[in-house]
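Enquirer: Quick one: the structure is below, questions incoming.
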């Protein structure tokens with residue numbers, strides 16, 4: 001049974017399954033995270049996102065890291081998975097997110113983030129743990145730095 005982070009699902013709510021791939025990217029004692037600013041809320045998150053139909057997790061992750069941070073990445077291993085239930089305002093639906101988290105190394109910065117409202121930030125692991133917007137991301141980062 002996968003751990004669930006965040007509020008429990010409301011039974012009456014319809015939840016759409018949404019698999020995603022996320023990364024803990026560490027270089028020189030710093031973690032590359034993404035800051036997402038939607039105009040009303042600013043959140044610090046692990047870079048990554050949804051796996052599109054027909055897409056495999058690792059290519060999806062490389063695409064998402066590039067879109068959100070401007071960096072390439074090299075994935076080393078799978079760290080773990082968790083579930084969380086949340087409303088996704090960009091898509092207009094409630095999602096049961098199945099989050100697959102990988103440990104990796106950030107590569108070259110190939111340019112600015114391609115996704116509006118995102119920017120890459122370099123934080124110490126302790127600062128990232130304190131600022132990550134969801135408990136699942138924090139648990140995976142804590143696992144990576146143990």
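The values are calculated or read from the model by the stated rules, or taken from the named source; none is laboratory data. Just so you know, these numbers come straight off a predicted model, no measurement behind them. All Cβ positions, glycine included, derive from the backbone under ideal geometry; neighbour counts span all protein chains shown.
Enquirer: Out of 63, 114, 105, 83, which single residue is touching a strand residue (DSSP E or B) at 6+ places or on another chain (Cβ under 6 Å), over 19 Å from residue 5 (Cα atoms) and at pLDDT 95 or above?
Expert: 105
Enquirer: Right, here's the next one. Would a scan of the stretch 103-112 turn up a residue that is under 21 Å from residue 38 (Cα atoms), surrounded by 14 or more Cβ atoms within 10 Å (Cβ to Cβ) and under 12 Å from the mean Cα position of the chain (by Cα)?
Expert: No, the stretch 103-112 contains no residue that is under 21 Å from residue 38 (Cα atoms), surrounded by 14 or more Cβ atoms within 10 Å (Cβ to Cβ) and under 12 Å from the mean Cα position of the chain (by Cα).
Enquirer: Can you find a residue in the stretch 105-127 that is under 20 Å from residue 42 (Cα atoms), out of contact with any helix residue (DSSP H, G or I) (no Cβ under 6 Å at 6 or more places or on another chain), in a helix (DSSP H, G or I) and without any contact (Cβ under 8 Å) to a residue 12 or more places away in the chain?
Expert: Yes, the stretch 105-127 contains at least one residue that is under 20 Å from residue 42 (Cα atoms), out of contact with any helix residue (DSSP H, G or I) (no Cβ under 6 Å at 6 or more places or on another chain), in a helix (DSSP H, G or I) and without any contact (Cβ under 8 Å) to a residue 12 or more places away in the chain.
Enquirer: Among strands (runs of 3 or more DSSP E) lying entirely in the stretch 4-95, which contain 2 or more residues that are over 16 Å from the mean Cα position of the chain (by Cα) and exposed (fewer than 15 other Cβ atoms within 10 Å of the Cβ)?
Expert: 16-27
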